[in-house]
Number of protein chains: 2
Amino acid sequence: MLQYHASPPAAPIPLDLIYQALADPGRRGMVERLTRGPATVTQLAEPLPMSLSAVVQHLKVLEDAGIVRSQKTGRVRTCQVIPAALHAAEQWIADRRTFWERQYDQLEAYLNASSSEAIGNQEMNGAKDQE
Amino acid sequence: MLQYHASPPAAPIPLDLIYQALADPGRRGMVERLTRGPATVTQLAEPLPMSLSAVVQHLKVLEDAGIVRSQKTGRVRTCQVIPAALHAAEQWIADRRTFWERQYDQLEAYLNASSSEAIGNQEMNGAKDQE
DNA sequence: ATGATACTGAAGCATATACTTCAGTATTGT
DNA sequence: ACAATACTGAAGTATATGCTTCAGTATCAT
């Protein structure tokens, strides 16, 4: 069975670079295009309102972030997505989500338990305090 | 029933700002702290190796991205996470993932179907390393 | 061989980021 | 009242980002 985790993680690329790479709409457009299949630099550039040079620079950001891989054959550079990096970015958020879901569950429980009391206190502090 | 989607989405904050906000390790640290419960600005600043002013500036980035909300009571500003923005960021990646998973499924199917043939098609490969 | 194609790479430039320090302003504790 | 606390906001500065243009260098097609 072919797994998309199959490629060697090589280096655990820092989330800094991954999120930074995704922060640009042009780069997200490139990723979006690449999730539909491999593409050349020129194809990636085609819908974008900027020079080829600029696109190549964006591509470098994506490659440095480990989101995209490319190789040249003849004069054409073909690019494709590497799922692992995006997966790491998704996972970081998912991990936090388990926390805040629990937090909201606790808040919900608290509100249910004290529904007869004054709820409109001015602070969210009222719900929980720690440290 | 209290839902964490309950808060009004107000504006659909652009992914640019959300990913940009997450690109900084200090800000991710702040989010991480806030997923464990509300905190004051000073509490957020405590583990970070920078001035309070810097932390307040990071907080502004998180608020502009819709990731964090805060309000002041007396002289204390208390902050908490707003799940919606992070959920949007997670969702964007999840949406792409369905594409590349399908893509890999197709590749897998292709490989299975043509396992007796030459695998080295020219599409992505050549396995040319050149840099 | 010649020209078109597909990049590559260096410079330059305007704006954005990530801080710093310093000088305030309300609140709160004693 | 007075000092400590918890920020707030303006400047200033160094580096990073997101482009541009221009001048190449390899292919590839004819």
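The values are calculated or read from the model by the stated rules, or taken from the named source; none is laboratory data. Everything numeric here is computed off the predicted structure, so don't read it as measured data. Heads up, the Cβs are rebuilt from the backbone with ideal geometry, glycines too, and the neighbour counts pull from every protein chain shown. Quick note on the areas: whole protein, heavy atoms, side chains included, nothing else; ligands and nucleic acids left out. Shrake-Rupley method; radii C 1.70, N 1.55, O 1.52, S 1.80 Å.
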Listed by first then second residue, the pairs whose first member lies in the range A:14-36 and is of a type outside the set (A, V, I, L, M), whose partner is more than 11 Å from DNA strand D (Cβ to nearest atom) and open to solvent by 60 Å² or more (accessible area, probe 1.4 Å), with beta carbons under 7 Å and at least 6 positions apart or on separate chains, are A:D16/B:P25; A:G29/A:P47; A:T35/B:F99; A:R36/B:F99
Name every residue in the range B:49-63 that is open to solvent by less than 70 Å² (accessible area, probe 1.4 Å) and either more than 13 Å from DNA strand D (Cβ to nearest atom) or closer than 23 Å to B:A88 by Cα (or both), in order of residue number.
B:H58, B:L59, B:V61, B:L62, B:E63
Report whether or not B:A45 is open to solvent by less than 40 Å² (accessible area, probe 1.4 Å), farther than 25 Å from A:I18 by Cβ, among the aliphatic types (A, V, I, L, M) and within 12 Å of DNA strand C (Cβ to nearest atom).
yes
Give the residue that is modelled with the lowest pLDDT, with candidates limited to residues of the range A:64-107 that are open to solvent by 50 Å² or more (accessible area, probe 1.4 Å) and of a type in the set (A, V, I, L, M).
A:L107
